[in-house]
Structure formats: C-alpha cells, structure tokens
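Trainee: Submitted below is the structure of interest, expressed as structure tokens.
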Amino acid sequence: MKYVFWLIHRDVLLELRQPHVLSGIFLHTLGSVWIAYLAFKGMVPANTWNGLIWIILLFSAIHASQRAFGGDSMGRRLYYYTLANPRHIILAKIIYNTLLILFLSIITSSVFILFNGNAIVLPARFIIILLLGSTGLGGILTFTSAIAAQELRNFSLMSILSLPIVAPLLLLLINLSASTLQPMNTQPIVGMLMALLVLDSLSIAMAWVLFPYLWKE
Amino acid sequence: MFIKENGWKIIGGLLVLYSIIVGLSIQVPQLPIIYESIRNLFYHVSMWFTMTAMFATALIFSISYLRNPLLKKDIAAVEAARVGFFFGFLGLATGMLWANFTWGKPWTNDPQLNGAATALLTYLAYFILRSSIEDQEKKARISAVYNIFAFVLMLVFIGVLPRMAEHSIHPGKSGNPALGVKGLDPRMRLVFYPAVVGWIMIALWIWKIRIRLTTIRQKISEF
C-alpha cells in the first residue's frame, strides 16, 4: 500500500509540474459544454439534458485518461518496471485517474448546470452516481489506456478500444441519473446500483489480474 | 478412418439440412403478428448461440495463450473470434429481417439489440487493435489481454442488464437473457436444438479450416 501511495504522489507531482496539460483538459471540457449550450440555446429538455451531460463527461474522461500511460516515455516506463510491482502501478494509476475524473466531472457538471439550467431534483443521489461512475470510468479507461499505450502508431486506438466496453457502464449511468431528475420514480434503483458496483469492482479486478501481462516487455 | 475423423462434419451438415427442410415444412403454432415468420427462430437464434460458442472458444484460447504463449493458440483465438463475428453478423441480419416484419422496423431500442451491437463493436475494436500492432508476439499478447477484459465486462452487460430491463419486446423475457425456451412449442424444439448443434459443428469446421489457412499463410510469409 505504501508503494501505491508513493506512486500516486509522484503522479500528482508530475501533473503539477506541467499545469498546461491539466488546464488543456479543463478547457476542452469547458469548450464542449459551451458548444452544447450553443447547439441547444440553453433550452434543454430533461431527457436530453441527461444524455448530453453524460456524453460530455464520457469524452472528457477519455481525453483525461489518454495520458495515463501515453504520457510516460519509454525510458521512464522501463525505469518504473525495474522499481515497482506492476500491480501497484495499475492500482495507483486507477486511483489517480478516478480522482481526476471525479474532479473533472464535478467541475463539468457545475458549469453545465450554470449554462443549461439544473434538471436535478435529487442532488445527493446525483453526486453518489458521479462518484461510482468515475470509479468505473477510471478502471476501464485506465486499462484501455495501458493497452493503447503499447502501440503508438494509432492515435485513435484509445477511443476505439474503450467506447464499446464503456457503453454498458454509460447506459447504466444514464439510466441511474435519469432517476435523479424526477422526485417520484419507480425505477429499480437498488438493482442498478448493485450492477454499477459489480461493473466497478469487476473492471478494477480485471485490470489487477491482467496488467502484469501487458507490462512485461 | 475417414468417418472417424470427419464424421462430426457430416453430422453437422445433416443436422443443418434437417433443420432447413423440417423447419420450413412442419406445422407451427399460429401466433398473432408473428404467424409463419416464427420459423426464423430456427435460423436466427441458432446464429446467436453459435456466435456465443465461438466467442467463448476465443476467450479460452486467449487465456490459454497468456498462460503458455504459443503462436498456434493465438491463431486459434483470433480465428474463433472471426468466425464468431461472422455468425453474429448473420444473426443481426436475420434478426433485422424478422424485426422488419413483426415490429415494423429493422432496429428498435431493445436490450438484446444493444447488447448484440456492443459485442460486435468490441470485436471490431479487437480486430483493429490486432492490425495496428506489427510484432507477432506483442500483437498476440496484447490482443489476448483485451479479449479477456472485454469479454468479462460484456458478460455483465449481456447477462445482467437485460434481466433488469423493465420491458423487452423479445419474447419470453422477464428474466431470461437468451430465449424463452420454456414457452417453445415441443414440435419446434425438435427442430431448434438440432439446428443449434448443427450450426455450432459447422462453425467449428469453418474455424479449423481457417486455422489451417492462416498457419499456411504465415509459413509462406516467413520464407
């Protein structure tokens, strides 16, 4: 566990040393929210509101995770390989990415609400969904980023690989968050939350099991 | 010797032939809206069963490759995925034809359809991943990892989510992700089960031929 914290720590340090990368990601997200506002002229029906915010969150999460492994140079990767256990590395990356995605999605949601109005009736539930959603996105996207980083020739590989696997998670999240838009709802929330938890833990467990095979060169 | 080695291919062919002839000629229950198009069940649903069997084969060979990296296991895995994809595509095509007659349009928002489309997209991504890596060993290792990761998450999607969907227009639903076999007419079962077994045998046959073909191609390119 000590190593995991150390690895997260160095991820944060590296990030703070290059503030322009992080601000680039935030700007990209703000730009997408702004485009969505322009496209709908601020009049977004609740259903569309829900779909729109999750699509923007998904793409900014993909954008943010792309650098999880792509950002490190070959030499640096080799250096970590000699120092750390691969399982510690993937765990640290997932935790770091999850926190980053959570932070990003809270800011994105706030700006989205500022521009497009607030359709959420149950804010506490929405925040829980954001938290669980960031965990799932963090797990899946960090792992696909690790796969895509193995091959530098194809830049769109990361989105190609992650979109089909992320689709079930996104569908769950959209359905769950739809339930926060109306005070009276009859949807089976508990079952969907359980499925979300299963997806979250499964993606992290699979990354934990499979990452060592990716790491060895 | 010939019968011993190739008997299952003959049986597979005969079973499929049987399901085509008998499937088109037996009496079927006349259900509203569906009527005679129920016969498509023999061909449409068996495509999905075959696809699942082939994708499961691909998964087994991917896991086995990671435990013991031999090139022939990688070839077996990718060819199983290719054959599975082909059958999935046929399942989609027969399903869309059927849906056009019974539901009025080829594509409807249904958990089954979404699951099938996602599965096919994932395997397309798998093929693209393979084609973008040049090194043989690296290609095999990374694509095996992706195959396992994607398959397990897909299992949750196809196995869990449709059960929770409130309504599906696929028959025999409310809890069953595959098919409401319980509600199937006993006469139809006599055609349906042989059709599934026959098509899986045919798929395995295609798979074996493709493995040999790819192995030969690889040997030629090494010259």
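The values are calculated or read from the model by the stated rules, or taken from the named source; none is laboratory data. Remember, predicted model here, so these are calculated numbers, not experimental data. In this analysis, Cβ positions are derived from the backbone assuming ideal geometry, glycine residues included, and neighbour counts consider all displayed protein chains.
Trainee: Tell me yes or no: at least one residue of the stretch A:119-141 is assigned to a helix (DSSP H, G or I) and at the interface with chain B (Cβ under 9 Å from one of its Cβ atoms).
Mentor: Yes, the conditions are met somewhere in the stretch A:119-141.
Trainee: Moving on to the next point. Looking at the stretch A:48-66, is at least one residue out of contact with any strand residue (DSSP E or B) (no Cβ under 7 Å at 6 or more places or on another chain) and over 23 Å from A:G133 (Cα atoms)?
Mentor: No, there is no match, as no residue in the stretch A:48-66 is out of contact with any strand residue (DSSP E or B) (no Cβ under 7 Å at 6 or more places or on another chain) and over 23 Å from A:G133 (Cα atoms).
Trainee: Taking the stated definitions as given, is B:G7 in contact with a Phe, Trp or Tyr (Cβ under 9 Å, 6 or more places away or on another chain), of a type in the set (G, A, S) and either part of a helix (DSSP H, G or I) or more than 14 Å from chain A (Cβ to nearest Cβ) (or both)?
Mentor: no
Trainee: When you look at B:A80, is it assigned to a helix (DSSP H, G or I), of a type outside the set (F, W, Y) and in contact with a Phe, Trp or Tyr (Cβ under 6 Å, 6 or more places away or on another chain), yes or no?
Mentor: Yes, satisfied.
Trainee: Tell me which residues, restricted to the stretch A:21-54, are out of contact with any Lys or Arg (no Cβ under 8 Å at 6 or more places or on another chain) and closer than 18 Å to A:T142 by Cα.
Mentor: Matches in the stretch A:21-54: A:L22, A:I25.
Trainee: Go through the stretch B:99-116 and count every residue that is without any contact (Cβ under 8 Å) to a residue 40 or more places away in the chain and more than 9 Å from chain A (Cβ to nearest Cβ).
Mentor: Selection size over the stretch B:99-116: 8.
Trainee: Which of the residues spanning the stretch A:107-129 are crowded, with 18+ Cβ neighbours inside 10 Å and modelled with pLDDT under 85?
Mentor: Residues satisfying the conditions are A:N116, A:A119, A:I120.
Trainee: Mind counting the residues in the stretch B:120-145 that are in contact with a Phe, Trp or Tyr (Cβ under 9 Å, 6 or more places away or on another chain), at the interface with another protein chain (Cβ under 7 Å from one of its Cβ atoms) and more than 13 Å from B:D74 (Cα to Cα)?
Mentor: Number of matching residues: 3.
Trainee: Grab the helices (runs of 4 or more DSSP H) fully contained in the stretch A:1-66, keeping just those with 1 or more residues being out of contact with any helix residue (DSSP H, G or I) (no Cβ under 9 Å at 6 or more places or on another chain).
Mentor: Those helices (runs of 4 or more DSSP H) span A:2-17, A:19-40.
Trainee: Looking at the stretch B:66-75, is at least one residue in contact (Cβ under 8 Å) with a residue 12 or more places away in the chain, of a type outside the set (V, I, T) and surrounded by 22 or more Cβ atoms within 10 Å (Cβ to Cβ)?
Mentor: Yes.
Trainee: Just one of the numbered conditions (1) crowded, with 18+ Cβ neighbours inside 10 Å; (2) in contact (Cβ under 8 Å) with a residue 60 or more places away in the chain is not true of A:H63; which one?
Mentor: So A:H63 meets the others, but not (2).
Trainee: Same structure again: When you look at A:M206, is it among the hydrophobic types (A, V, I, L, M, F, W, C), more than 10 Å from every other protein chain (Cβ to nearest Cβ), under 19 Å from B:I142 (Cβ atoms) and surrounded by 20 or more Cβ atoms within 10 Å (Cβ to Cβ), yes or no?
Mentor: Here the answer is no, as A:M206 does not meet what is asked.
Trainee: For the stretch B:1-21, name all the residues that are among the aromatic types (F, W, Y) and surrounded by 15 or more Cβ atoms within 10 Å (Cβ to Cβ).
Mentor: Passing the criteria: only B:Y18.
Trainee: Using beta carbons and a limit of 9 Å, which pairs, at least six apart or on different chains, have the first residue in the stretch A:1-30 and without any contact (Cβ under 8 Å) to a residue 24 or more places away in the chain and the second one exposed (fewer than 13 other Cβ atoms within 10 Å of the Cβ)?
Mentor: Pairs found: A:L22/A:L16.
Trainee: Of the residues A:L38, A:L52, which is surrounded by 14 or more Cβ atoms within 10 Å (Cβ to Cβ) and either closer than 24 Å to A:L169 by Cβ or of a type in the set (A, V, I, L, M, F, W, C) (or both)?
Mentor: Going through A:L38, A:L52 in turn, the sole match is A:L52.
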